[in-house]
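Working notes, structure below.
The values are calculated or read from the model by the stated rules, or taken from the named source; none is laboratory data. Everything quoted here is computed from the prediction, not taken from an experiment. Heads up, the Cβs are rebuilt from the backbone with ideal geometry, glycines too, and the neighbour counts pull from every protein chain shown. What goes into the accessible areas is simple: the full protein's heavy atoms, side chains included, and nothing from ligands, DNA or RNA. Shrake-Rupley method; radii C 1.70, N 1.55, O 1.52, S 1.80 Å.
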Amino acid sequence: MTTENIFEAIRKWKNLIDSYKNGIDIKGSEILIFLNQGTHFSVSGEEIEQWKKNLETAEPKMIHVYVGIHEDQLKFFLIDSKSDKDANFNTILTKDFLRNFSESKIESSNDIVLDVPPITAESAINRNFRWNMFGTSWLQAQKTEDMFQLISIPFSDYEKMGITGSQTCTSFFGLTDDLEKKDPDFPYHIEIITVKSLAINHMSETAENYSTPRPPFTIIDTLNDYQLLKQSTSVFV
């Protein structure tokens, strides 16, 4: 896809969520249809290695996962935080929202151990179940919130996978507790959880999920750090 195609896809998602927040309730059904078109996307060891090179001198090291709509299909556009801030859009990876996948069980005795502990497989399953069961409740809560246009993921979530080459890890949606939420009725936000391997009778013992939806932005990571979002929106307006 060209950069302009990606811009257009991101604008289509923004138009859809803006219409819903502006009171066109039927758009809520469309949003849920898109968010349930698939179950996951995959990232390879080669792609993680390229991100590592791109982020070598960057702090913080993040992966920005943008959501867009192209030819009536939900797409994910992945870019490392340094490339995004520098508007180096040649590094964007386009991911389909997949429903079928090849089962994988990756054994490794030399997993990378970093300071932030992972969540358990049970927690990952519960959070994904919460998304599948309460996605409608989440959507209704977005009428008074900034609905996400991208999800920012610490690069360490992927680095911890310890995969190489064509090996892949699996990323999927979940709902997690949001301690900063003002609304006590639905104190959760959407997230992306990543597991190293997944099969019908097997799942990695731990998973990574320290992702954060954007917007809202903060004084630490402002809109200027998300040039793909800023420029795609500025083209529209």
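In region 1-13, which residues are assigned to a helix (DSSP H, G or I) and open to solvent by 30 Å² or more (accessible area, probe 1.4 Å)?
Listed by number, the residues that qualify are Thr3, Glu4, Asn5, Glu8, Arg11, Lys12.
Taking Asp25 as meeting all but one of (1) open to solvent by 60 Å² or more (accessible area, probe 1.4 Å); (2) within 21 Å of Thr222 (Cα to Cα); (3) among the acidic types (Asp, Glu), write down the number of the exception.
(2)
Among (1) under 27 Å from Asn128 (Cα atoms); (2) open to solvent by 60 Å² or more (accessible area, probe 1.4 Å); (3) touching a Phe, Trp or Tyr at 6+ places or on another chain (Cβ under 8 Å), where does Leu16 come up short?
In the conditions (1) under 27 Å from Asn128 (Cα atoms); (2) open to solvent by 60 Å² or more (accessible area, probe 1.4 Å); (3) touching a Phe, Trp or Tyr at 6+ places or on another chain (Cβ under 8 Å), Leu16 misses (2) alone.
Yes/no per residue for (1) touching a residue at least 24 places away in the same chain (Cβ under 8 Å); (2) under 30 Å from Thr164 (Cβ atoms):
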residue	(1), (2)
Ala9	yes, no
Glu30	no, no
Gly45	yes, yes
Asp72	no, no
Phe77	yes, yes
Lys85	yes, yes
Asn88	no, yes
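Among the residues of region 29-71 satisfying the criterion of being among the aliphatic types (A, V, I, L, M) and part of a helix (DSSP H, G or I), which is surrounded by the fewest Cβ atoms within 10 Å (Cβ to Cβ)?
Going through region 29-71, the residues among the aliphatic types (A, V, I, L, M) turn out to be 31-33, 35, 43, 48, 55, 58, 62-63, 65, 67, 69.
Narrowing the set further to residues that are part of a helix (DSSP H, G or I) leaves 31-33, 35, 48.
On the way: Ile31: 19, Leu32: 14, Ile33: 11, Leu35: 17, Ile48: 21.
Only one residue tops the list, namely Ile33.
Please tell me if Tyr158 is at pLDDT below 85, outside any strand (DSSP E or B) and under 16 Å from the mean Cα position of the chain (by Cα). Step through it out loud before you land on a result.
Details: at pLDDT below 85: no; outside any strand (DSSP E or B): yes; under 16 Å from the mean Cα position of the chain (by Cα): yes.
No: the conditions fail for Tyr158.
Inside region 166-183, can you point out the residues that are out of contact with any Lys or Arg (no Cβ under 6 Å at 6 or more places or on another chain) and at pLDDT 85 or above? Spell out how you get there, then give the answer.
Here is the first cut: in region 166-183, the ones out of contact with any Lys or Arg (no Cβ under 6 Å at 6 or more places or on another chain) are 166-168, 170-173, 177-183.
Passing the criteria: Ser166, Gln167, Thr168, Thr170, Ser171, Phe172, Phe173.
Do we have any residue at all in region 203-210 that's in a strand (DSSP E or B), at pLDDT 75 or above and either open to solvent by less than 80 Å² (accessible area, probe 1.4 Å) or closer than 28 Å to Lys52 by Cα (or both)?
Going through region 203-210, the residues in a strand (DSSP E or B) turn out to be 203, 206-208.
In the following step, the residues that additionally are at pLDDT 75 or above were identified as none.
No - not one qualifying residue is present in region 203-210.
Is there a residue being without any contact (Cβ under 8 Å) to a residue 12 or more places away in the chain, surrounded by fewer than 18 Cβ atoms within 10 Å (Cβ to Cβ), of a type in the set (A, V, I, L, M, F, W, C) and in a helix (DSSP H, G or I) anywhere in region 123-145?
yes
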